[in-house]
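Okay, so here's the structure we're looking at.
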Amino acid sequence: MRQSTDGVIVLRVSVNGESRSAEVSPGVSLLTALREQFGLPGAKNACEQGECGSCTVYLDGDPVCSCLVAAAQAEGRQVRTVEGLAGAGGPAAQDAVQRAFLACGAVQCGFCTPGLVVAVHDLVHRTAENHSEDLDDATIREALAGNLCRCTGYEKIIEAVRQAAADVRSEHRSQRPGQVAA
Ligand code: FES
Ligand code: FES
């Protein structure tokens, strides 16, 4: 990482699989860098205090509140945002979690949705990779305790998580040798 005499840092980071660089002020959060320097407004800024989860992104494969991560801490690392979950090609290429949120009506104002989608993506993929069948409501609620939604009452979100979990489990099964998709 290079720092100019006026303190500006040249940040180099992999974002959604692409090598990117940008000049950022010291102390700027990863969330601000993503939104303002890298043109990725998916992660939202609702509290900037690590309380709401609306800014959740993957950092080296782990979900983090990007408002709590200094951009400089992401130097040389892999960031994946909600924009990086879907493939190219519009709605047909949506990720299973995005499809489930839409199908179940789990989106109202949408402010919490990008952070929730990343958190749910992590939950359902970890569950499927561990060959675990059960995602009961208590497990889902506990896993999503850091993501606040003021609109939905969570029931439709939980329904979307169950649907996404079933779809992702089925995808994982079909990719395992000798297994038949459910
Ligand atoms: S904006 Fe980061 S947790 Fe609320
Ligand atoms: S849909 Fe509005 S905050 Fe969750």
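Between rounded, prolate and oblate, where does segment 90-175 land on the alpha carbon gyration tensor, with a ≥ b ≥ c its root eigenvalues, rounded for a/c under 1.5, else prolate if a/b exceeds b/c? It is oblate, given that a/c is not under 1.5 and a/b is not larger than b/c. Ignoring solvent entirely, what values of log10 I(q)/I(0) come out of the Debye formula for segment 48-106 at 0.13, 0.17, 0.19, 0.22 Å⁻¹ when each Cα is a single scatterer? Debye output, listed in q order: -0.43, -0.68, -0.80, -0.94.
Considering only Asp136, Asp167, Asp122, the mean-square fluctuation computed in a Gaussian network model of the chain, springs between alpha carbons under 10 angstrom, is largest for Asp136.
Can you figure out the FRET efficiency of Arg176 with Val10, using R₀ = 45 Å and their beta-carbon distance, to the nearest 0.05? Walk me through the numbers on the way to the answer.
Values: r = 43 Å, r/R0 = 0.96.
Using R0 = 45 Å, I get an efficiency of 0.55.
Projecting the alpha carbon convex hull of the chain along each direction and taking the average yields 11.1 nm². A simple rule links phi to the HN-Hα coupling: the Karplus curve 6.51 cos²θ - 1.76 cosθ + 1.60 with θ = phi - 60°, which for segment 129-138 gives 5, 7, 6, 8, 8, 9, 10, 7, 4, 5 Hz, with x for Gly and Pro.
Can you give the net charge of the other residues whose Cβ lies under 13 Å from the Cβ of His121, counting K and R as +1 and D and E as -1? Net charge around His121: -4. Kirkwood radius for segment 2-84, taken over all pairs of different Cα atoms as the inverse mean of 1/r, rounds to 12.5 Å.
Taking 35 Å as R0, compute the FRET efficiency from the Cβ-Cβ separation of Glu51 and Asp136 and round it to 0.05. Please report the intermediate quantities before stating the final value.
Numbers: r = 26 Å, r/R0 = 0.73.
So, using R0 = 35 Å, E works out to roughly 0.85.
Among Leu116, Ser19, Leu34, whose Cα sits farthest toward the positive end of the charge dipole of the chain (+1 at Cβ of Lys/Arg, -1 at Cβ of Asp/Glu, about the Cα centre)? Selected residue: Ser19.
Coordinate-derived values only; no laboratory data. Please read all numbers here as calculations on a predicted model, not as lab measurements. Backbone-built Cβ (ideal geometry, glycine too); neighbour counts: all protein chains shown.
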